[in-house]
Amino acid sequence: MIVTIDGPAASGKGTVAKGIAARLGFAYLDTGAMYRAVAFAAHRASVPCDDDVAVEHILPDIHIEMPPGRVLLNGDDVTDAIRAPHISQGASKVAAVAAVRAFLVPQQRRIGQGRDMITEGRDQGTVVFPDAPVKFFVTADARVRAERRYNELTLRGVQTTLERELAELVERDRRDSERADSPLKQPADAHVIDTSHRTVEAVLDEMEGVVRRCMTDRA
């Protein structure tokens, strides 16, 4: 059974995706980390993330593995490195490259085939797994999301400002929503959850109830 969780950056979808996977005993796939890995590979190769031709050229040399809790790029552990702010922006840019999506979407489908899995990203319920029996769209107010990102980066020792993070989130939302290939949008049949002023546990309780009812109906 596939459960998709889509939504904009810093909406809390990664946190709740890992949490609901743990509660249900499902596998968890962070598809955003795959795009971050491509952006990291481009950065390492001195390739601009918005240069479609150059990015496509490096794809044959990219091998991504995702053991639980880790991201390996050509054998190197880049789990923490791909969370840098410039890689986050780069991930949004490479995600707009059609060749990158053609490279990663089949991998995501293969990973999910025949598994109970929570898959999280921008287009999981609309493009990658459009027939998933349960879909969530997780969102939050832009300033709340910026505060979350600012606090996360500050704790990691990254120098930034709240206004900078807000501006970058707004720009990333625009780029993700307006790209021609697989834009970020709410699936018509998704359960929408606004996490702006809710606890993680409250969100997880709601999600678990939805999934378990679906599991009962399918039994």
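The values are calculated or read from the model by the stated rules, or taken from the named source; none is laboratory data. The shown structure was predicted, so the numbers you read here are calculated from the model rather than taken from an experiment. Every residue, glycine among them, receives a Cβ derived from its backbone with ideal geometry; neighbour counts consider all protein chains shown.
Which one of the conditions (1) among the small types (Gly, Ala, Ser); (2) surrounded by fewer than 24 Cβ atoms within 10 Å (Cβ to Cβ); (3) under 25 Å from VAL158 (Cβ atoms) does GLY121 fail to meet, given that it meets all the rest?
(2)
Taking the stated definitions as given, is SER182 within 20 Å of GLY32 (Cα to Cα) and touching a helix residue (DSSP H, G or I) at 6+ places or on another chain (Cβ under 9 Å)?
Yes, satisfied.
Of all residues in the stretch 149-172, which are crowded, with 19+ Cβ neighbours inside 10 Å and either within 16 Å of the chain's Cα centre (by Cα) or assigned to a loop (DSSP other than H, G, I, E, B) (or both)?
ARG149, LEU169, ARG172
Six or more apart or on different chains, Cβ atoms under 7 Å: show the pairs whose first residue is in the stretch 190-202 and touching a residue at least 40 places away in the same chain (Cβ under 8 Å) and more than 15 Å from PHE136 (Cα to Cα) and whose second is part of a loop (DSSP other than H, G, I, E, B) and small (Gly, Ala, Ser).
SER196/ALA140
So which of ALA142, ALA190 is touching a strand residue (DSSP E or B) at 6+ places or on another chain (Cβ under 6 Å), of a type outside the set (Phe, Trp, Tyr) and under 17 Å from ASP6 (Cα atoms)?
Values: ALA142 fails: touching a strand residue (DSSP E or B) at 6+ places or on another chain (Cβ under 6 Å).
When all the criteria are applied, what remains is ALA190.
Out of the stretch 177-207, which residues are at pLDDT below 95 and assigned to a helix (DSSP H, G or I)?
Within the stretch 177-207, SER177, GLU178 meet the criteria.
So which residues in the stretch 87-143 are among the aromatic types (Phe, Trp, Tyr), under 18 Å from TYR35 (Cβ atoms) and not in a helix (DSSP H, G or I), if there are any at all? Even if it seems obvious, please write down each step before you answer.
Within the stretch 87-143, the subset among the aromatic types (Phe, Trp, Tyr) is 103, 129, 136-137.
Still in the list and also under 18 Å from TYR35 (Cβ atoms): 103, 129.
Answer for the stretch 87-143, where residues must be among the aromatic types (Phe, Trp, Tyr), under 18 Å from TYR35 (Cβ atoms) and not in a helix (DSSP H, G or I): just PHE129.
What tally of residues in the stretch 190-219 results from selecting those that are small (Gly, Ala, Ser) and surrounded by 13 or more Cβ atoms within 10 Å (Cβ to Cβ)?
Total satisfying the criteria: 2.
Kindly list, by first and then second residue, each pair from a residue in the stretch 54-73 that is surrounded by fewer than 17 Cβ atoms within 10 Å (Cβ to Cβ) to a residue that is of a type in the set (Ser, Thr, Tyr), limited to pairs with Cβ atoms under 6 Å and residues at least 6 apart or on different chains.
Partner pairs satisfying both residue conditions: ARG70/THR79.
Here are some conditions: (1) under 15 Å from LEU184 (Cα atoms); (2) without any contact (Cβ under 8 Å) to a residue 60 or more places away in the chain. ALA22 meets all but one. Which one does it not meet?
It fails just one condition, (1).
If you scan the stretch 68-86, which residues turn out to be assigned to a helix (DSSP H, G or I) and either among the small types (Gly, Ala, Ser) or modelled with pLDDT under 95 (or both)?
ALA81, ARG83, PRO85, HIS86
Out of all the residues in the stretch 36-67, which are of a type in the set (Asp, Glu) and outside any helix (DSSP H, G or I)?
Residues satisfying the conditions are ASP50, ASP51, GLU65.
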